[in-house]
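Following: one structure in C-alpha cells, then a few remarks.
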Amino acid sequence: MRCQSTNRVVVEIGSALLLLVLSLTLPTVVQGQAVYGSINGTVIDATGAAVAGAKATVTDLNKGTKDTATTNVDGNYLLLHLIPGTYKVHVEAVRPNQNQSSSRPTPRRVSTFG
C-alpha cells in the first residue's frame with residue numbers, strides 16, 4: 001500500500017513540475033512571434049558600379065504608406081519591419097556632373113514564412 005501512495009505522489013509532483021515549466025516557457029514563445037518582412041537590394045549604374053546615396057522608397061500598394069532608405073557606399077539598401085503585402089520600390093539617384101536624376105520603379109511582394 002505504501003508503494004502505491006509513493007507512486008501517486010511522484011506522479012503528482014511530476015505533473016506539477018511539467019505544468020510549471022510549460023507555464024513559464026509558453027508566454028516567451030508566444031511573445032517571440034513577429035509578422036514582418038523586409039526588402040533589400042543593390043543599386044548599380046549602367047557600368048555596374050555601386051551607386052552610393054541613392055534614395056530607395058517602398059510604397060505599400062494597398063495602404064499607400066511609404067518607407068525610405070539610402071544606399072550605402074556599396075549601393076545596398078535595407079528596409080525592415082514591413083507588413084506583408086505588395087510594395088512598389090522606387091529608386092532615385094542624382095548622377096554626378098549632371099543636374100538630373102534617374103529613377104526606376106520595381107514591384108516587390110513581402111511575405112512572411114513561419
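The values are calculated or read from the model by the stated rules, or taken from the named source; none is laboratory data. Here the structure is a predicted model, which is why all the values come from computation and not from measurement. As a convention, Cβ positions derive from the backbone with ideal geometry for all residues, glycine included, and neighbour counts pool all protein chains shown.
Could you grab the pairs with beta carbons closer than 9 Å, sequence gap of 6+ or different chains, first residue in region 33-47 and within 17 Å of Tyr87 (Cα to Cα) and polar (S, T, N, Q), second one modelled with pLDDT under 90 and part of a strand (DSSP E or B)?
Ser38/Val110
Hey, can you tell me all the residues within region 25-63 that are at pLDDT 90 or above and aliphatic (A, V, I, L, M)?
Residues satisfying the conditions are Ile39, Val43, Ile44, Ala49, Ala50, Val51, Ala52, Ala54, Ala56, Val58, Leu61.
Test Asn97 against the stated conditions and say whether it is modelled with pLDDT of 95 or more, over 23 Å from Ala34 (Cβ atoms) and not in a strand (DSSP E or B). Lay out the reasoning, then the answer.
Working: modelled with pLDDT of 95 or more: no; over 23 Å from Ala34 (Cβ atoms): yes; not in a strand (DSSP E or B): yes.
When the stated conditions are applied, Asn97 does not pass them.
Filter region 44-71 down to the residues that are part of a loop (DSSP other than H, G, I, E, B) and more than 20 Å from the chain's Cα centre (by Cα) and list them by number. Can you show your working first?
Pass one, region 44-71, residues part of a loop (DSSP other than H, G, I, E, B): 45-49, 51-54, 61-65, 71.
Selection gives Asp45, Ala46, Thr47, Gly48, Ala49, Val51, Ala52, Gly53, Ala54.
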